[in-house]
Amino acid sequence: MPDTYTHGHQESVLRSHRWRTAANSAAYLLPHLRSGMTLLDVGCGPGTITRDLATLVAPGRVVGIDRAESVIESAASPGPVDFRVGDVYALDAADGSFDVVHAHQVLQHLSDPVAALTEMRRVLAPGGILAVRDSDYGAFLWAPDAPRLDRWREIYTEVCRRNDADANAGRHLPEWVAAAGFTGLEVSSSNWTFADAGSRTWWGGLWADRTTGSAFSGQAVDYGVASADELADVADGWRQWAAGDDGLFVVVHVEVLARP
């Protein structure tokens with residue numbers, strides 16, 4: 001059976017995905033890019049990171065794939081990127097086709113991340129670069145204390161587990177990449193930090209919406225992990241946190257560069 005995407009593709013999710021840029025989500029890779037490289041962006045979503053990367057390797061060929069046809073349709077537009085529907089476990093590319101394979105927050109949603117990484121290694125050219133970055137929900141931190149956000153993390157983690165995925169993927173990236181046969185790992189970490197009034201309102205608002213109106217919320221109810229009433233209460237907790245004057249939320253990521 002295909003993997004279940006915990007987030008879904010509702011507007012509240014895409015609002016977050018469209019905010020992402022190469023600068024705020026792939027800075028660890030940027031020093032390694034050069035003009036003329038070929039690049040594959042796996043799980044590209046609406047393509048904002050992909051287009052940024054394309055400008056840095058132009059005139060090199062850039063392909064962005066995602067399994068969701070609706071997302072690919074929204075990403076596709078005249079420009080330097082070839083957006084396609086694709087399967088991370090069976091990439092439609094010959095061996096050694098790309099100089100760079102990039103995947104941002106993809107492995108945390110997969111039931112077999114090592115198999116996906118092995119397929120990424122297949123399409124990398126000798127001496128090519130793998131670049132993967134995933135968040136780690138267990139390492140997220142926030143202030144002030146918010147029991148309803150504690151409950152949100154519990155619910156989210158359990159929904160991921162029911163989907164045979166790992167919300168704490170970040171901490172496992174090095175072992176997964178090594179298990180897929182990569183060498184020369186360079187491991188780093190970086191954060192998204194939401195601490196001013198505007199970013200708190202944006203981050204808290206989108207998670208309040210996702211907690212009651214996304215695939216995640218539907219799965220939580222279907223799996224018996226939380227009721228609709230509890231999810232509504234958790235969403236109110238997000239709004240209360242966002243409205244505070246001293247709120248802080250840090251999204252922790254682990255990132256790995258490696259060679260095939």
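The values are calculated or read from the model by the stated rules, or taken from the named source; none is laboratory data. Fair warning: this is a prediction, and the values are worked out from it, not measured in the lab. Here the Cβ positions follow ideal geometry from the backbone for every residue, glycine too, while neighbour counts run over all protein chains shown. With ligands, DNA and RNA removed, areas are computed over all heavy atoms of the protein, side chains included. Shrake-Rupley method; radii C 1.70, N 1.55, O 1.52, S 1.80 Å.
Computed quantities for the displayed model
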item: Single condition Asp66 does not satisfy, out of (1) open to solvent by less than 50 Å² (accessible area, probe 1.4 Å); (2) within 28 Å of Phe194 (Cα to Cα); (3) touching a residue at least 24 places away in the same chain (Cβ under 8 Å); result: (3)
item: Criterion (in contact with a Leu (Cβ under 9 Å, 6 or more places away or on another chain), buried (at least 16 other Cβ atoms within 10 Å of the Cβ) and in a loop (DSSP other than H, G, I, E, B)) met by exactly one of Ala165, Ala116, Ala131; result: Ala165
item: Hits in the stretch 176-201 (condition: more than 26 Å from Ala125 (Cα to Cα) and either touching a residue at least 60 places away in the same chain (Cβ under 8 Å) or of a type in the set (Asp, Glu) (or both)); result: Ser190, Asn191, Trp192, Asp196
item: In the stretch 141-156, residue nearest to Ala125 (Cα to Cα) [restricted to those that are open to solvent by 50 Å² or more (accessible area, probe 1.4 Å) and in a helix (DSSP H, G or I)]; result: Arg153
item: Close pairs (9 angstrom Cβ cut-off, 6 or more residues apart or separate chains): part of a loop (DSSP other than H, G, I, E, B) in the stretch 70-92, modelled with pLDDT under 90 anywhere; result: Asp87/Pro2
item: Subset of the stretch 101-135 (residues that are within 17 Å of Ser190 (Cα to Cα) and either touching a Ser or Thr at 6+ places or on another chain (Cβ under 9 Å) or of a type in the set (Phe, Trp, Tyr) (or both)); result: His102, His104, Gln105, Gln108, Arg133
item: Residue ranges of helices (runs of 4 or more DSSP H) in the stretch 183-260 with at least 1 members farther than 21 Å from His109 by Cβ and either out of contact with any strand residue (DSSP E or B) (no Cβ under 6 Å at 6 or more places or on another chain) or modelled with pLDDT of 95 or more (or both); result: 197-213, 228-243
item: Ala23 in a loop (DSSP other than H, G, I, E, B) and either touching a residue at least 40 places away in the same chain (Cβ under 8 Å) or not polar (S, T, N, Q) (or both); result: no
item: Any chance Asp99 is closer than 23 Å to Ala27 by Cβ and either under 16 Å from the mean Cα position of the chain (by Cα) or open to solvent by 20 Å² or more (accessible area, probe 1.4 Å) (or both); result: yes
